[in-house]
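I have placed the structure first, in the form of structure tokens, so that the comments after it can refer back to it.
The values are calculated or read from the model by the stated rules, or taken from the named source; none is laboratory data. All of these numbers come straight from a predicted model, not from anything done at the bench. All Cβ positions, glycine included, derive from the backbone under ideal geometry; neighbour counts span all protein chains shown. SASA here: full protein model, heavy atoms, side chains in, ligands and nucleic acids out. Shrake-Rupley method; radii C 1.70, N 1.55, O 1.52, S 1.80 Å.
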There are 2 protein chains.
Amino acid sequence: MALIVHKYGGTSMGSTERIRNVAKRVAKWARAGHQIVVVPSAMSGETNRLLGLAKELAPAKPDTSYSRELDMLASTGEQASSALLAIALQSEGQPSVSYAGWQVPIKTNSAFTKARIESIDDVRVRADLNAGKVVIITGFQGVDEQGNITTLGRGGSDTSAVAVAAALKADECLIYTDVDGVYTTDPRVVPEARRLQTVSFEEMLEMASLGSKVLQIRSVEFAGKYKVPMRVLSSFTPWDIDINEEAASGTLITFEEDEQMEQAVVSGIAFNRDEAKISVLGVPDKPGIAYQILGAVADANIEVDVIIQNLSKDGKTDFSFTVHRNDYAKTIDLLKEKVLPSLGATEVSGDAKICKVSIVGIGMRSHVGVASKMFRSLSEEGINIQMISTSEIKTSVVIDEKYMELAVRALHKAFDLDQA
Amino acid sequence: MALIVHKYGGTSMGSTERIRNVAKRVAKWARAGHQIVVVPSAMSGETNRLLGLAKELAPAKPDTSYSRELDMLASTGEQASSALLAIALQSEGQPSVSYAGWQVPIKTNSAFTKARIESIDDVRVRADLNAGKVVIITGFQGVDEQGNITTLGRGGSDTSAVAVAAALKADECLIYTDVDGVYTTDPRVVPEARRLQTVSFEEMLEMASLGSKVLQIRSVEFAGKYKVPMRVLSSFTPWDIDINEEAASGTLITFEEDEQMEQAVVSGIAFNRDEAKISVLGVPDKPGIAYQILGAVADANIEVDVIIQNLSKDGKTDFSFTVHRNDYAKTIDLLKEKVLPSLGATEVSGDAKICKVSIVGIGMRSHVGVASKMFRSLSEEGINIQMISTSEIKTSVVIDEKYMELAVRALHKAFDLDQA
């Protein structure tokens, strides 16, 4: 008998038919003798519907209390889907009970719309589990010290599930989603992409932050911090497949690097076209320029990703960085108005049509020449690299957007990711 | 400065446009220096949508925990509309905060789907009112001793509003609805029907129980118990009408009978066609037959309204009563199968095409001949009376459904209700 947390996304909960399927699957696990806690998202579309209504009524100048009300509003989506799942489970003859975040309670700080979990009380949940009930806990939400409802922000249900699993010291946290695991890269771009049986926590962290949308990055961080074994698997397999087969399906996120003697050098290729490149040209090369440029950007609440400072020439240098594409125009304006004059730089230029492609692999730590193999492979395809950024277990390049698919396919092949 | 509770029904909250109108109206009252608590219903259609989803998933055999989940589900409707109203108020520049039942808290017993309010804590609400905020409290719901969400049953938002007004010792509870007050009878049946400026609590109680749908009967009982001044008025007047005009509009439900020297004998005509008549014929006239018949009906959870036992003849009598039309077939079957054999009665007959018409008036207490005037008036129209039931302040008759409008119009005229 194991204690297992199941998390189902909005698509898996998208209709009463799908909720019934989730109930049948959960009931199967409970019948097999496991203690099951389920963390469901709101039915797909529901959160957007609610926030859409709020937007129609929203004050021109949002303040803190407005955020509080947004959380009161948005949290109803998960409360409704959780109650519906409890009803569906009882319909299957499986005793169950649903709890809103405040009933557990899941305590958070008071940062409305982006709260952070502080503690989870397991007393009530354990009592119900011991009484043979499936316990359903609303994802995405909690309660602050003053008894206000808070939400964790978009995708927060993954984080709720992992946090609940950590608090209960669950044996595994199963993230049921509309894909059947973590792939070496996006199969829509590379048909030969392979599902990974396991991926290390650190690799998953890089992949999540590099644009793979399978898991919310906060949930991966949480899993890493509390060493929660986490598996990504499909909610669209027939609910009545053999439970052992299901338990071994998808991708397991592991913490023991040494499990495998021979670690693959590169585990996956991540990519995204959410960024834009901005260059400040002809900057006098003196101490403090990076702060002068990026400080102003940070003050405007704009996140910066890749940063490159070129070698100086004649006392001048070029300084480049990437921001989210949504912040592109705003950043250019900001630099022109506020930074360029005081900096004595000659020009700001930018390119929104770029993409970032990354190779990720924990094996890169102990292998030399991985990055140069990447560069050679891109060069053979005639792809010019605009920026490079590296960490211990990943190498990212910024290239022209139009080469994205070509680059991903070339790298997937170069690192033999199509072979098991 | 007064402390006033506003209650808005589902139709008044039916769209973002209407919610914005409610916000403008509430903000007007707050600007006039009043402390305002608002109790909104769910947006119209929302509760039905949620319960419809539950029905699709519902267990064949509902049990207690299923009711608990229904309350978790249904309570989200009011939580969402309350948060939306708070956002709309802030958009009008009016500070406001919304609370779910458990946050106030509104404590109830654990009778899920039909809970009764036990206590309301006013500490949090008063602090917010004193800080200049409009406080929005979700209608229809509360929390039980174990921290489970409960709902008060259909129409429970009226009851919530009156209970909150009682707990806060509010100066008045304004029930905003889609009609502009309580009428002498339904204006769709009698175009000459007049809006009553005031109606006594006891009359309102009879009218509510006799089929007038303006107010939920439990809310009237509550208002009576705690002497909460309650006014029914329209939410469809322009929000910016003069506040004194608005404060005097609609119908005030009063507790001081003696306010008016000359009380109208009859205040209104109520009617409904929700009932069906059932007669058990040829019952041996001996002690205990009423219990034998109605005990079986009550055991089947069927409510009985009017009851008539005829004079006995040759040791036999006829016994008639009315039930809700939905229970008609079930009651007939029950009597035939379980009661008739042991009772020695000869026959069960019934008529679903009946209606009940009632005159209501606190002045009936001190006036004789009111009932006979009613009977004469019906007789002059050639309407046969099938059953009669009386209380201190009302007289009801059961007649053929087809005469309903005719009877209501005749009585409205006979008692001069078309004249102020």
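With respect to B:GLY132, determine if the residue is touching a helix residue (DSSP H, G or I) at 6+ places or on another chain (Cβ under 7 Å) and at pLDDT 95 or above.
So B:GLY132 does not fit the description; no.
Which of the residues belonging to the stretch A:352-384 are closer than 21 Å to A:HIS324 by Cβ and surrounded by 14 or more Cβ atoms within 10 Å (Cβ to Cβ)?
The answer is A:ALA352, A:ILE354, A:CYS355, A:LYS356, A:VAL357, A:SER358, A:VAL360.
Restricting the stretch B:387-402 to residues that are touching a residue at least 40 places away in the same chain (Cβ under 8 Å) and outside any strand (DSSP E or B), which is nearest to B:VAL182 (Cα to Cα)?
Within the stretch B:387-402, the match that is nearest to B:VAL182 (Cα to Cα) is B:ILE393.
Have a look at A:ALA74, A:ALA27 and point out the one that is part of a helix (DSSP H, G or I), aliphatic (A, V, I, L, M) and closer than 21 Å to A:ALA163 by Cα.
Of the residues listed, the single one that is part of a helix (DSSP H, G or I), aliphatic (A, V, I, L, M) and closer than 21 Å to A:ALA163 by Cα is A:ALA74.
Looking at the stretch B:298-330 only, could you name the residues that are at pLDDT 90 or above, aliphatic (A, V, I, L, M) and open to solvent by less than 10 Å² (accessible area, probe 1.4 Å)?
B:VAL323
More than 23 Å from the chain's Cα centre (by Cα), within 9 Å of another protein chain (Cβ to nearest Cβ) and either among the aliphatic types (A, V, I, L, M) or open to solvent by 10 Å² or more (accessible area, probe 1.4 Å) (or both): is that true of B:GLU56 in this structure?
Values: more than 23 Å from the chain's Cα centre (by Cα): yes; within 9 Å of another protein chain (Cβ to nearest Cβ): yes; either among the aliphatic types (A, V, I, L, M) or open to solvent by 10 Å² or more (accessible area, probe 1.4 Å) (or both): yes.
The answer is yes for B:GLU56.
Can B:ILE253 be described as under 15 Å from the mean Cα position of the chain (by Cα) and crowded, with 21+ Cβ neighbours inside 10 Å? Step through it out loud before you land on a result.
Values: under 15 Å from the mean Cα position of the chain (by Cα): yes; crowded, with 21+ Cβ neighbours inside 10 Å: yes.
So B:ILE253 passes the test.
Looking only at the stretch B:305-331, count how many residues are more than 14 Å from B:GLY295 (Cα to Cα) and part of a helix (DSSP H, G or I).
Residues in the stretch B:305-331 being more than 14 Å from B:GLY295 (Cα to Cα) and part of a helix (DSSP H, G or I): 6 in total.
Return the total of residues in the stretch B:341-386 being in a strand (DSSP E or B) and without any contact (Cβ under 8 Å) to a residue 40 or more places away in the chain.
From the stretch B:341-386, those in a strand (DSSP E or B) are B:347-351, B:354-360, B:385-386; that's our starting set.
Imposing the further condition that a residue be without any contact (Cβ under 8 Å) to a residue 40 or more places away in the chain reduces the set to B:385.
Summing the residues that are in a strand (DSSP E or B) and without any contact (Cβ under 8 Å) to a residue 40 or more places away in the chain in the stretch B:341-386 gives 1.
Taking the options A:ILE241, A:ILE307, A:ILE269, A:ILE278, name whichever one is in contact with a His (Cβ under 9 Å, 6 or more places away or on another chain) and either of a type in the set (A, V, I, L, M, F, W, C) or on the phi < 0 side of the Ramachandran plot (or both).
Working: A:ILE241 fails: in contact with a His (Cβ under 9 Å, 6 or more places away or on another chain); A:ILE307 fails: in contact with a His (Cβ under 9 Å, 6 or more places away or on another chain); A:ILE278 fails: in contact with a His (Cβ under 9 Å, 6 or more places away or on another chain).
When all the criteria are applied, what remains is A:ILE269.
It is to be established whether one or more residues within the stretch B:148-168 are out of contact with any strand residue (DSSP E or B) (no Cβ under 7 Å at 6 or more places or on another chain), open to solvent by 10 Å² or more (accessible area, probe 1.4 Å), over 19 Å from B:ASN272 (Cβ atoms) and within 14 Å of chain A (Cβ to nearest Cβ).
yes
Restricting the stretch B:118-134 to residues that are under 29 Å from the mean Cα position of the chain (by Cα) and in contact (Cβ under 8 Å) with a residue 60 or more places away in the chain, which is surrounded by the fewest Cβ atoms within 10 Å (Cβ to Cβ)?
That would be B:VAL125.
Tally up the residues in the stretch A:86-109 that are part of a helix (DSSP H, G or I) and either within 25 Å of the chain's Cα centre (by Cα) or facing another protein chain (nearest Cβ under 7 Å) (or both), please. Walk me through it before giving the result.
Filtering the stretch A:86-109 down to residues part of a helix (DSSP H, G or I) leaves A:86-91, A:101-103.
Narrowing the set further to residues that are either within 25 Å of the chain's Cα centre (by Cα) or facing another protein chain (nearest Cβ under 7 Å) (or both) leaves A:86-88, A:90-91, A:101-103.
The number of residues fulfilling the criteria is 8.
Each row is one residue, and each column tells you yes or no for (1) over 24 Å from the mean Cα position of the chain (by Cα); (2) surrounded by fewer than 23 Cβ atoms within 10 Å (Cβ to Cβ); (3) in a helix (DSSP H, G or I); (4) more than 11 Å from chain A (Cβ to nearest Cβ).
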position	(1), (2), (3), (4)
B:ARG20	yes, yes, yes, no
B:ALA23	yes, no, yes, no
B:VAL38	no, no, no, yes
B:ALA42	no, no, no, no
B:ASN48	no, yes, yes, yes
B:SER67	no, yes, yes, no
B:GLU78	no, no, yes, no
B:SER82	no, no, yes, no
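Return yes or no: is A:VAL408 open to solvent by less than 20 Å² (accessible area, probe 1.4 Å), part of a helix (DSSP H, G or I) and hydrophobic (A, V, I, L, M, F, W, C)? Talk me through it step by step, then tell me what you get.
Working: open to solvent by less than 20 Å² (accessible area, probe 1.4 Å): yes; part of a helix (DSSP H, G or I): yes; hydrophobic (A, V, I, L, M, F, W, C): yes.
Taking the combined requirement at face value, the residue satisfies it.
Within the stretch B:369-420, can you find the residues that are under 15 Å from B:GLU192 (Cβ atoms) and of a type in the set (S, T, N, Q)?
B:GLN419
Return the residues of the stretch A:331-341 that are buried (at least 18 other Cβ atoms within 10 Å of the Cβ), under 16 Å from A:GLY282 (Cα atoms) and modelled with pLDDT of 90 or more; say none if nothing qualifies.
The answer is A:LEU335, and nothing else.
The rows are residues; the columns are (1) aliphatic (A, V, I, L, M); (2) free of Cβ contacts under 8 Å to residues at least 40 places away in the same chain.
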residue	(1), (2)
A:ALA27	yes, no
A:GLY33	no, yes
A:ALA54	yes, yes
A:SER75	no, no
